[in-house]
Amino acid sequence: MIRPVLARREKVIPGTQAVAFVVGIAVALVLGVVLLSTSGHSPAEVYERMFDSAFMGSDSLARTLERATPLALTGLAVAVAGSMGLWNIGAEGQMMAGATIAAGVAMVADGLSGPLLIAVMMVCGVAGGMVLMLGPALARSHLGVSEIITTLMLVYVAIRVVEWLETGPWKDPDSFGFAVIEPVPEQASLPGLFGRANIGTLIALGLLIVFWLAVSRTAWGYELRLAGSSPNTARYAGISLRRKILTALLLSGGIAGLAGAVQLTGSATRLESGLSNGYGFAGIIVAALALMRPSGVAVAAVVFGAVQVGGQSIQTLGVSSAISDILQAMILFGALVAAVFFNYRIRWTGPAGQLPGDEPEEADLAVEGA
Amino acid sequence: MASENADHAVWLRGIEKQFPGVIACAGADLRVRPGTIHALLGENGAGKTTLVNVLAGVYRPDGGEVWVNGQRRHFHSPADAIAAGVGMVYQEFRLVPSLTVAENIVLGAAPRLLRSSEIENRVAELSAAYGMAADPSRPVWQLSMGERQRVEILKALWRDASVLVMDEPTAVLTPGEAAELGAALRAMADDGRSVIYISHKLDEVVAFCDEATVLRLGKTVATVEDLETVDRAALAELMVGSSEGGYVDRPPPIEAGGEALVLDGVSALSDRGLPALSEVTLTVRSGEIVGIAGVSGNGQKELAETIAGLRSPTGGRVELNQQDVTQTPPGARYRLGLAYVPEDRLGVGLAPKMSVVDNSVVRSYRSQRQGLMLVMAQCLGFCRDLVEKFGVRVGRLHDPVAGLSGGNLQRLLLGRELAEQPSVLVAAQPTRGLDVQGVAAIQSHLVAQRADGVGVLLISEDLDELLALSDRLMVMYEGRVVAELDPDAATRGEVGSAMAGQVSA
């Protein structure tokens, strides 16, 4: 019986990634034609509207960038942990924690000048994300507790804490009874770039460049990649796995926390329980699309942001939000599947049980030598 | 034909199995009579695991015939083999920790609509029948390794296996548990079932088994009909054969220098927490090759790892160039002059998914820095020199090393370790699985290092290699150095006896 299996590519052909990405999205769009026509819409009109609203004109581009900014930061957060083989599923929560600390500091330090206050809030954002990550990071590095579970669980803790602050201690007395927190001080708003875009986009871009260089070009990044790809080789080279796990996770949490502070001082006006808005979870998809590489995160975040903006705008054409969500999911799914083919290829294999990753010689040695 | 085979529980006839770049089985034969325990012996990479995986339906043979209970079989999957009565107990247990013993045993083969208490009763009956105590209602995560193994065996018996394959079953057991296992296997044999028993431990093989088949380089080289009459030393010698092709001869001994590496009463535990090294004392001087012989699993791996700093000793001292390094981490030991070629080339020595360049600087990346940045040009230059000097055949330097052949991996690894002139080289199985050219290249490098005054500790399972290259030869058995021999005077037979634990005083 001949059946297809995925085999890891031994040679990675440059440019495959871009081609696979475009093909993946194209296939999804073709399938979307079926979806749209059966639900009574004109695919051409819908796709044109999606594209225009996401990319055509400075306002559209600004909207896409506004969406892409937090996605780039949370995507980077997930990717930094991912380059070490760790999964930070809780960027959503760390984003909230960062925003919360930043908002709290803004309340007491509202006398500071704008740039200084913004800088302080950014630092607090990073600190907030790191604090929420501290428990999972230590549990992972010293006790081997899966960070996937712990980071995820803390998401709900962080969101509930904000809900409690909203309805309790931080409830704005001037809110006419609404359960909201007072807006961040006027001077703490990030300066705009054009349209709805603000300099948060530049912060994200700068950080992406810093991490791209750090991971690919520094000794620190080399150790991180080595530890992530082959832990025993890293140990052999004298690298402390514990410290690497700890730093990767804390940095990941810090970056997600910064996303919270950027969102708070950028698009949002006040801290609220809906501030993270799924950006943290979406960051996992962004990082996966980017194959855990900081260099890919920028592209993936813009694509994701554009799909969201486009998906929203087609609702003005009468496309229901459900159909729009399905379409968005299909496009991202297509791109994700394509990402798989960057590292793997399809191989047709005969006998049962002979899997592609099976290096029989190694398997033999591993089993017998244990 | 069928009548001729009817009296065999298993007949594997001329099994051939090839993997990309490796011939695992080259016409291996195995005949097992019903009601017997049959040992399958051979060194690492001899093809034992591949052969039993053919029997278990995991691999399909390229050639040869599989007969089970007198019938020719073509297994397409492990399920086919199970249906034909072949039960496999792997070294890594395949149990669900959160399920109970009974649930694990019947998983996938449970009678429909049966109450769990009734299943538990039937499991209890089965375990009682073979003297394998196992509380059916306990979750598996609470069990010891020995109890888990019993569950694996019961799983096979539940599926009515007439042939049970055990892959190094006692590696995870305490001596007491091993004896219990032996009794349980005997009970099964008396019941008419047959057992194929893979092990490196000759003591056990002689104690538990009736017959034996020895594999070497994928071929059956000997069958032993009556294990009670056979000499253990002869078995050991049969297992460690010689590879094809010549051996680089070492030039006449030069004056060995000062003590480069000293181990004083070093003990260590295995990954399973069982004692693996006991009070090993040895010295390697500059300019000599000290060989370590032994049947695999007698502490060689732990010895290498303890010297390299990857395993903490439970007692004793390790000295490198007259400096106590017992507590020194692995990176610092390298900087003090200790080079290490580990047994696992890919996964320990080299990171499979990283590029040739990245792998070439594993030891030296700290010196390829400028400020925080790694200087790519410098790394590339370093890598190019290394590839050229050691004749590593590579495609592009930015491709992952997983695509390289065994010989080229080893050239890259050895070259990297030798790049900064070490004073001690520990090489574990450096030529295992390499082709003739690769073997010769690696051996000449070892000899050249010796000429340069490096102290070399060569751990190998290739007896001829050890006899040709070593200035002194030590034999390990059950975690101890049991003999030190002069390789020029010792015969293969003498080394074989020592490897089997028979030391003539």
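Brief remarks on what is shown
- With K and R counted +1 and D and E -1, the other residues having a Cβ less than 9 Å from that of B:L463 yield a net charge of -4.
- Span from the region A:203-254 Cα centroid across to the region A:69-102 one, whole angstrom: 15 Å
- Only the Cβ atoms of Lys and Arg (+1) and of Asp and Glu (-1) were treated as charged; on that basis the dipole of region B:351-420 about its Cα centre amounts to roughly 40 debye.
- Under the convention that each Lys and Arg Cβ holds +1 and each Asp and Glu Cβ holds -1, the size of the dipole of region B:2-240 around its Cα centre is about 760 debye.
- Chain A - percent relative contact order, Cα under 8 Å, separation 6 or more: 37 percent
- Ranked list, fewest to most other Cβ atoms within 10 Å of each Cβ, for A:V78, B:V172: B:V172, A:V78
- Ordering B:D210, B:D191, A:D174 by the number of other Cβ atoms within 10 Å of each residue's own Cβ, fewest first, gives A:D174, B:D191, B:D210.
- D (Stokes-Einstein, µm²/s), Kirkwood Cα radius, region B:351-420, 1.306 mPa s at 10 °C: 133 µm²/s
- Only lysines eight or more places from B:K201 in sequence, or on another chain, were considered; those with a Cα closer than 19 Å are B:K48, B:K301.
- Region B:301-374-region B:139-187 distance, computed between alpha-carbon centres (Å): 37 Å
- Exposure proxy shown here: for A:L35, B:L12, the number of other Cβ atoms within 10 Å sets the order, fewest to most, as A:L35, B:L12.
- Shape of region A:114-195, Cα gyration tensor, a/c cut at 1.5: oblate
- Counting only aspartates and glutamates at least 8 places from B:K389 when in the same chain, those with an alpha carbon closer than 19 Å to its own are B:D358, B:E417, B:E420, B:D452.
- Chain A: DSSP helices with Cα axial extent of at least 27 Å and average Kyte-Doolittle hydropathy no lower than -1.0: A:16-38, A:58-82, A:114-138, A:147-167, A:241-265, A:294-313, A:321-343
- Shape of chain A, Cα gyration tensor, a/c cut at 1.5: oblate
- Normalised contact order of region A:124-204, rounded percent, pairs of Cα under 8 Å and 6 or more residues apart: 13 percent
- Crossing angle, helix B:436-451 versus chain B [Cα axis fit, 0-90 degrees, rounded to tens]: 50 degrees
- Straight-distance candidates among the aspartates and glutamates for linking to A:K171, with alpha-carbon spacing under 16 Å and chain neighbours fewer than 8 residues away dropped: A:E163, A:E182, A:E272.
- Once exposed loop chymotrypsin sites (Phe, Trp or Tyr not before Pro) are cut out (DSSP; at most 10 other Cβ, 10 Å), longest piece of chain A: A:179-370
- Residue of A:G221, A:G129, A:G40 that the Gaussian network model of chain A assigns the largest fluctuation, springs spanning Cα pairs under 10 Å: A:G40
- Pairs of Cα atoms in chain B fall into 10 Å distance bins, from 0 up to the last occupied one, in shares of 4, 17, 25, 24, 18, 9, 2, 0 percent.
- For region A:1-149: rounded, prolate or oblate by the Cα gyration tensor [a/c cutoff 1.5]: oblate
- Ordering A:Q328, A:L112, B:H445 by Cα displacement along the dipole of the protein assembly as shown toward the positive end leaves A:L112 in first place; charges were set at the Cβ atoms of Lys, Arg (+1) and Asp, Glu (-1).
- Cα gyration tensor of the protein assembly as shown - equivalent ellipsoid semi-axes, whole Å, descending: 56, 35, 26
- Cα-based helix-to-principal-axis angle, B:175-190 vs chain B, degrees rounded to 10: 40 degrees
- Nearest-ten-degree value, helix B:145-158 long axis tilted from longest Cα axis of chain B: 40 degrees
- The mean sequence distance of close C-alpha pairs (under 8 Å, at least 6 residues apart), as a share of the length of chain B, puts its relative contact order at 16 percent.
Every read-out reported here was derived from the displayed coordinates using simple, explicitly stated rules and does not represent laboratory data. Quick caveat: nothing in here was measured; it's all calculated off a predicted structure. All Cβ positions, glycine included, derive from the backbone under ideal geometry; neighbour counts span all protein chains shown.
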